[in-house]
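What follows is a single structure, written as structure tokens, with notes after it.
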Amino acid sequence: MILEKYEQGQKFYLYTGRGPSADAMHVGHLVPFLFAKYLQDAFDVPIVIQMTGDEKMLYKDMTLEDAKKFTRENARDIIAVGFDVTKTFIFSDFDYIGYAIHINHYFHFSPPLYPVDICIIMLLRSKNKLT
């Protein structure tokens, strides 16, 4: 499918992500990013990399501070792979989570809830369901 789009001159982008659960990535974690870097170079296309530290915080015994720290540290490891900085967008769910927009719209929170607030609510809700 990618080759067909490329041969037809259609624009596309690559998408991948990481759910950080530690402050460093090992070689096995880097393999998908090395391959994505190869594809970015070969096809000269943008790449979007989503960091889902919020998911790890919800399902692992992890604090919000640790989840944010691991996200930041893992993003540094990914940047070190050498993606084209003009064609790479790395984002954290902590900053760009769409869930906050929907909650604020439907429940009219004042002041509005922000992504970190939503993560804390989701964490408390999921821990409540587990007990």
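The values are calculated or read from the model by the stated rules, or taken from the named source; none is laboratory data. Because the structure is predicted, anything quoted here is derived from the model rather than measured. Glycine also receives a Cβ, built like all others from the backbone with ideal geometry; neighbour counts cover every protein chain displayed. The area values use the complete protein model at the heavy-atom level, side chains included, leaving out ligands, DNA and RNA. Shrake-Rupley method; radii C 1.70, N 1.55, O 1.52, S 1.80 Å.
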### Summary
Within segment 1-60, restricting to residues that are hydroxyl-bearing (S, T, Y) and more than 18 Å from R72 (Cα to Cα), the one that is farthest from the chain's Cα centre (by Cα) is Y6
### Test: residue in segment 39-52 that is open to solvent by 40 Å² or more (accessible area, probe 1.4 Å) and assigned to a helix (DSSP H, G or I)
yes
### Query
How about segment 1-38: which of its residues are farther than 19 Å from T88 by Cα, part of a helix (DSSP H, G or I), of a type outside the set (A, V, I, L, M) and open to solvent by 70 Å² or more (accessible area, probe 1.4 Å)?
E4, E7
### Task
Out of V116, V81, V85, report the one residue that is touching a Leu at 6+ places or on another chain (Cβ under 8 Å), modelled with pLDDT of 75 or more and on the phi < 0 side of the Ramachandran plot.
V81
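Only one of these is acidic (D, E) and touching a Gly at 6+ places or on another chain (Cβ under 8 Å): D66, D93, D61, D41. Name it. Spell out the reasoning first.
Details: D66 fails: touching a Gly at 6+ places or on another chain (Cβ under 8 Å); D61 fails: touching a Gly at 6+ places or on another chain (Cβ under 8 Å); D41 fails: touching a Gly at 6+ places or on another chain (Cβ under 8 Å).
Matching residue, one of D66, D93, D61, D41: D93.
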### Index of the failed condition, G82 passing every other in (1) loosely packed, with under 15 Cβ neighbours inside 10 Å; (2) touching a Lys or Arg at 6+ places or on another chain (Cβ under 7 Å); (3) assigned to a helix (DSSP H, G or I)
(3)
### Query
What are the pairs, 6+ residues apart or on separate chains, where a residue within segment 28-55 that is touching a residue at least 60 places away in the same chain (Cβ under 8 Å) has its Cβ under 7 Å from a residue that is of a type outside the set (S, T, Y) and surrounded by 13 or more Cβ atoms within 10 Å (Cβ to Cβ)?
D54/A67; D54/D93; D54/F94; D54/I97; D54/C119
## Note on the structure
Condition set part of a loop (DSSP other than H, G, I, E, B) and exposed (fewer than 15 other Cβ atoms within 10 Å of the Cβ), scope segment 61-70, selection nearest to the chain's Cα centre (by Cα): answer is T63
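Working only within segment 56-88, note down all residues that are in contact (Cβ under 8 Å) with a residue 24 or more places away in the chain, among the hydroxyl-bearing types (S, T, Y) and farther than 13 Å from L14 by Cα. Reasoning before the result, please.
So in segment 56-88, the residues in contact (Cβ under 8 Å) with a residue 24 or more places away in the chain come out as 56-60, 62, 64, 67-71, 73-75, 77-78, 81-84, 87-88.
Pick out the ones that are also among the hydroxyl-bearing types (S, T, Y) and you get 59, 71, 88.
Scanning segment 56-88 gives Y59, T71.
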